[in-house]
Structure formats: C-alpha cells, structure tokens
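Presented below is the structure to which this report refers.
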C-alpha cells in the first residue's frame, strides 16, 4: 500500500487541512486516492474531518465506511473506553480495514487523531497504528512557543516504533501570536535537530486552500 500517514504533535494543528490538500493535489495528478480517517471522536452527529477528507478524494462513502471507529465524545479513544464507551478493538483489524478501503486506489492518505501519543487503548497509541500502516509519515505541528519539545517528542516516539518521519510541516494556525518571538526560530532549531527531515513552513492558514503550497512540496518530498 502506497501512501502517507498524517499525524501531529497535538489537536487542532492542521492535520485535516493538510491531508485534504494532499488528496486534492494527488487527484490533480490523475491518481486514484483514498483519504481515510480510521479513528474520529467528537462525532456529533457526523465525522466532520472524515467527511472533509472523503470529499477531497471524491469518495464520500469513506467517511462512514463500516469497520472504522467513531465516537461522540471528544476524547481519546482509551478515555472513551474507560467511561464505558466503545473501544477501538484490534489495531491490526483496523489497519487491515484501511487497506481494504484503499485497495482500488493508487495512493492512500490516512489521518491520525490528535497527537502521536494519543492513547487508543491501555497498550497502544496513534504511533502504534502508524507503525502498522507502514506509510510515509508526516508530522504536523503548530509554529508557536512549545513546538520544539512537542515535535522532538513526537519524532522520538515514532522512531522508537521504527516509524521513519519523512517530513515535518510547521503551521501558523493561530491568529494572535504577534508577540511569540519563537515563530522566527522554531524551524531553524528543528532543522538542526533533524537535518535529514525536510521541514515545510506554512504561513498563516485557515482552510485547506492555505495548504496548497505545502501539499505541492510534500508531493516532491514523498515522491508521489
């Protein structure tokens, strides 16, 4: 299975926008694309992120395909399970379902939920799902104070599971960061820590349209 796994340092950093823009860019190259969010919480009543991805790849049925995890509460899957809600179940079965849904596609784009270490159950995190999928992995991060620790921790967690990070996308997704002087140096510091990982810098973005340039850069980095 060829494709990309879009994960992040946390929630609300632009994963869905990037995954949607990447799906659109692949479609424009004439590729058949399956854009899938295997796990989505906060579904009340619809899986908004999954629907956006499905729309981007022209296959609305992927948003609510059987075998994917959907839960109403906006919590980590393990937190939902502990509150008596549905469990994700077997990660291997979930990864197998993603492969089945992407069987007829040239390329699959899979978006994680929250950050790299969001607990799926007592023993597994999103990073473990990424390892099972074995796709080219992209880490999305918010360009703001604190991103250095968040990103270094995310990459180290992935490497521990033998997941190779192919790119880091550094987003400016906040409006009120005028006094955050870290924004000018975060990318350069991360480049020193990870000299072999390309860092894609994204200016202020508020929709998938703002990710077009980043998606184009990723097409080259991932050799799609």
Rounded to whole Å, give me the distance from the Cα center of the range 169-218 to that of the range 19-51.
21 Å
Divide by every residue of the chain the summed helix terms, -39500 (n - 2.57) for each DSSP H run of at least 4, and state the resulting mean residue ellipticity at 222 nm, rounded to the nearest 500 deg cm²/dmol.
-10500 deg cm²/dmol
Which of 38, 86, 195 fluctuates most in a GNM of the chain (C-alpha springs under 10 Å)? That residue is 195
Over the range 43-134, equivalent-ellipsoid semi-axes from the Cα gyration tensor in Å:
21, 16, 11
So what's the Cα pair-distance distribution over the chain, bin width 5 Å, in %?
1, 7, 16, 20, 21, 17, 11, 5, 1, 0
What Kirkwood hydrodynamic radius do you get for the range 82-161 when you take the inverse of the mean 1/r over all pairs of distinct Cα atoms, in Å?
14.1 Å
If I histogram all Cα-Cα distances within the range 27-95 using bins 10 Å wide from 0, what percent of pairs lands in each bin?
21, 46, 25, 7, 1
Restricting to the chain, what percent of DSSP beta bridges are antiparallel, rounded to 5?
5 percent
Highest GNM mean-square fluctuation among 58, 84, 115, for the chain with Cα springs under 10 Å, belongs to 84
For the range 130-224, rounded, prolate or oblate, judged on the Cα gyration tensor with a ≥ b ≥ c (square roots of eigenvalues), a/c < 1.5 rounded, else prolate if a/b > b/c?
oblate
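Every number in this text was worked out from the coordinates using simple rules, so none of it is lab data. Quick caveat, the model's predicted, so the values are computed rather than measured.
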